[in-house]
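This report concerns only the one structure given below.
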Amino acid sequence: MTPTDRTHRTVDALVIGAGPAGLALAARLAAAGVDRVEVLDREQYAGGIPRHCHHTGFGLRDLRRLMTGPDYARHHIAAAIRAGAVLRTSVTATGWAAPRTVDITSPTGLERITATAVVLATGARERPRSARLVPGTRPAGVLTTGQLQQAVHLHHQHVGRRAVIVGAERVGYSAVATLHRAGAEVAAMVTDQPRHQTHPARHLGTRLRYGFPLVTDATVAELTGQGRLESVRLRHRDGRTADVACDTVVFTGDWIPDHELARSAGIALDPGTRGPAADAEFRTGEPGVFAVGNLLHPVETADIAALDGRLAAGPVLRHLAGRPWTPGALPVRVEAPLLWVSPNRIAPDGPRPPRGRFTLRTTRFLTRPVLTVAQDGRTLHRGRLPRTVAPGRPFHMPADWIARADAHGGPVRITAD
């Protein structure tokens, strides 16, 4: 098939990704009167990760009520459709034919869609075992949390009898509940950190309910087993090793944005988040292309991603109304042990970040750290956080220093002492 055989259409706004961020944005745009809002998703069903997370805890920030993941996904799907957005699943964006023109493939054939605004809402995924370079054999029973939840909740498959969970962030505790529902015992939860990284109440409640050991300061050194996983070898920080018998291992966390489509457009990626570099109004360096949700900050909760979608509606509407494309271009970088900051592009005379603050992550526990913001040797902000910050959990910094940055100076750098 030649390019001329493709069906070519135009829309006002094309949203790629039907998770909470993309659906919330589409609902806002359609409700605001945008005529042609189309949402694409490569999965068979819309809703993103929440649709196979059967625990509660969704919706508290954006909907002011607690829901299960599937109910939360259904709410956002219904809201987008009710507002007038067109939702299409089993559709994959394969590349760019021109600025704001996307080639797609679907069960009905090949298409080419040109939009006035393209919004990338492709989310993030956990790194699998192969990307973590864990040595050993390649037996069955090696999963990520997403694969586990889909196997249990969507396909009702058997996942094993005894599991090791790698990672003690929030998502690891969701894996505990999913394994219990599938009838599997948790042999151990393993983290390379000195303690867990979830909220203390959740850690305590989950430990009391399911009774599993937490192994700290340890990494997975090897997987063994022929046909099916038989054991996981752990290496402690002091060099000791120990084998844990199990038939399943679940790798959790260690998120990376689904940035392939952004990268193929030549959009600059931030070295910290590894998602598109974007300013306070979700604008990338490519005119007319926005990015929202966990593509920008891997990974926040679903309701934070949905709030991103809502907040991005204003900038998208202003772009559709003809506002010139002048995104913030001054990079904001972090130095170790900080991991990333979002947003990571600013304009000193431009808008402030959503909710008037920056979101950051760290690679290790920091006790009431002092954050320093500097540019070309000049301090723009210095302040102590009131609490300990943990890996895998967000913390925030005020944005009131932006106007003091020099738009023509070097990158702004954030350090933690």
(message) With θ taken as phi - 60° and the coefficients 6.51, -1.76 and 1.60, list the Karplus ³J(HN,Hα) couplings across segment 334-346 in order, rounded to whole Hz; mark glycine and proline as x.
(response) 10, 10, 3, x, 5, 9, 7, 9, 9, x, 10, 9, 9
(message) Please compute the modelled spin-label separation between Glu260 and Thr94, points set 7 Å along Cα→Cβ, answer in nm with one decimal.
(response) 1.2 nm
(message) Through the Karplus equation 6.51 cos²θ - 1.76 cosθ + 1.60, θ set to phi - 60°, convert the phi angles of segment 282-294 into ³J(HN,Hα) values in whole Hz; use x for Gly and Pro.
(response) 6, 8, 8, x, 9, x, x, 10, 10, 9, 9, x, 6
(request) Would you please classify the overall shape of segment 128-253 from the alpha carbon gyration tensor, given that a ≥ b ≥ c denote the square roots of the eigenvalues, rounded means a/c under 1.5, and beyond that prolate means a/b larger than b/c while oblate covers the rest? (result) oblate
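How much net charge surrounds Glu222 when only the other residues with a Cβ under 13 Å from the Cβ of Glu222 are counted, with Lys and Arg +1 and Asp and Glu -1?
Its environment carries a net charge of +3.
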(request) Please compute the net charge surrounding Ile113, taking Lys and Arg as +1 and Asp and Glu as -1 over other residues with Cβ under 13 Å from its Cβ. (result) +2
(request) Quote the convex hull volume per residue of segment 42-94, based on C-alpha atoms, as a whole number of Å³. (result) 83 Å³
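Just to be sure I understand: of the beta bridges DSSP finds with both ends in segment 156-234, what percent are antiparallel, rounded to 5?
The antiparallel proportion sits near 35 percent.
Add +1 for every Lys or Arg and -1 for every Asp or Glu among the other residues with Cβ under 12 Å from the Cβ of Ile346, and state the total.
Result for the neighbourhood of Ile346: +1.
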(message) Can you tell me the length gained on complete extension of the stretch Arg357 to Arg161, counting 0.36 nm per residue apart and subtracting the Cα distance?
(response) 66.1 nm
(message) Using amide H atoms built in the peptide plane, which far-off residues or other-chain residues are under 5 Å from His55 H to H?
(response) Gly69
(request) Please report the relative contact order for segment 329-416, taking Cα pairs under 8 Å with a sequence separation of at least 6, and give it as a percent rounded to a whole number. (result) 39 percent
(message) I'd like the antiparallel share, as a percent to the nearest 5, of DSSP beta bridges with both residues in the chain.
(response) 55 percent
(request) Tabulate in residue order the Karplus-calculated ³J(HN,Hα) for segment 378-392, using 6.51 cos²θ - 1.76 cosθ + 1.60 with θ = phi - 60°, rounded to whole Hz; enter x for Gly and Pro. (result) 9, 7, 9, 6, 8, x, 9, 6, x, 9, 6, 10, 10, x, x
(request) State in Å² the accessible area per residue of the chain; use a 1.4 Å probe, count heavy atoms of protein chains only, and round to the nearest integer. (result) 43 Å²
(message) Give the separation of the Cα centroids, segment 397-417 to segment 1-66, in Å.
(response) 33 Å
(message) Can you give me the long-range amide H partners of Trp96? Hydrogens built in the peptide plane at 1.01 Å from N, cutoff under 5 Å, separation of 5 or more residues or another chain.
(response) Asp103
(request) Give me the percent of the accessible area of segment 329-416 that comes from carbon and sulfur atoms, probe 1.4 Å, all protein chains in place. (result) 49 percent
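Using the Cα gyration tensor of segment 43-151, with a ≥ b ≥ c the square roots of its eigenvalues, what is the shape: rounded (a/c below 1.5), prolate (a/b larger than b/c) or oblate (neither)?
oblate
Shape call for segment 222-335 from the C-alpha gyration tensor, a ≥ b ≥ c root eigenvalues: rounded (a/c under 1.5), prolate (a/b greater than b/c) or oblate?
Details: a/c = 3.22, a/b = 2.72, b/c = 1.18.
It is prolate, given that a/c is not under 1.5 and a/b is the larger ratio.
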(message) At a threshold of 8 angstrom on Cα-Cα distance, excluding pairs fewer than six apart, so keeping six or more, what relative contact order does the chain reach in percent?
(response) 15 percent
(message) Which trypsin sites (Lys or Arg not before Pro) in segment 176-259 sit in a loop by DSSP (not H, G, I, E or B) and have at most 10 other Cβ atoms within 10 Å of their own Cβ?
(response) Arg240
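The values are calculated or read from the model by the stated rules, or taken from the named source; none is laboratory data. Since the model is a prediction, treat every value here as computed from it, not as a measurement. With ideal geometry, Cβ positions are generated from the backbone for all residues, glycine too; neighbour counts draw on all protein chains shown. Note: areas computed on protein heavy atoms with side chains; ligands, DNA, RNA excluded. Shrake-Rupley method; radii C 1.70, N 1.55, O 1.52, S 1.80 Å.
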